[in-house]
Each structure stands twice: as C-alpha cells, then as structure tokens.
1. Take the stretch 31-84 and flag every residue that is in contact (Cβ under 8 Å) with a residue 40 or more places away in the chain and of a type in the set (Val, Ile, Thr).
2. When the residues of the stretch 47-68 are filtered to those that are among the hydroxyl-bearing types (Ser, Thr, Tyr) and closer than 19 Å to GLU25 by Cβ, which remaining residue is surrounded by the most Cβ atoms within 10 Å (Cβ to Cβ)?
Amino acid sequence: MADYNIIATQVISDKAITTCLILTENFIALAVDDAKIRVFERDGTPRWTLEGHTGGIWTLASWENTLVSGSTDCDVRVWDVVSG
C-alpha cells in the first residue's frame, strides 16, 4: 500500500453535495448542488466562491486560469479564476 500525504481533509464546512471536482496545476475547483463553485489553492486554502448560477452545477472544465461551468439552470458561464 502506498503512503500518501493528506493536505486537507475538509475544504468546505457546509453540507452541500459535491457534483464536480477539477484539479489543475494552479487551483482546485469544487462545484456543488447549491449553485456555487468553490475555488481553492492546491493546499486547500480558500481562494474564491463563484456565484451566479441558480441551479446545481454539474460540469466544470478549465484552461489555464479560465474555468467554465455548466448548470441545471441551462447556463454555461466562463470565469476568470485569478480575479474571481
């Protein structure tokens, strides 16, 4: 069995259900069913909470510092992860 270094065990404290997760070289983005996207540093430190969707977020994609999200509100949104 391999040994792993756990960086963070819980990065959100509410009871929202995680629906999508993306890990890049620069950040971690976590989409949940409360229509918010939480963006974290790679060590689990919170960076941003992105709000704008009105339905649960079910898909995320990233390219460099751009994050694209799709939601049950039928919107696709494009976010700049550097500025929030």
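A short reminder: the numbers here are calculations on the coordinates, not readings from a lab. This one's a predicted model, so the numbers in the text were calculated from it and none came from an experiment. So basically every Cβ, Gly included, is an ideal-geometry build from the backbone, and we count neighbours across all protein chains shown.
1. ILE37, VAL39, VAL81, listed by residue number.
2. Only one residue tops the list, namely SER62.
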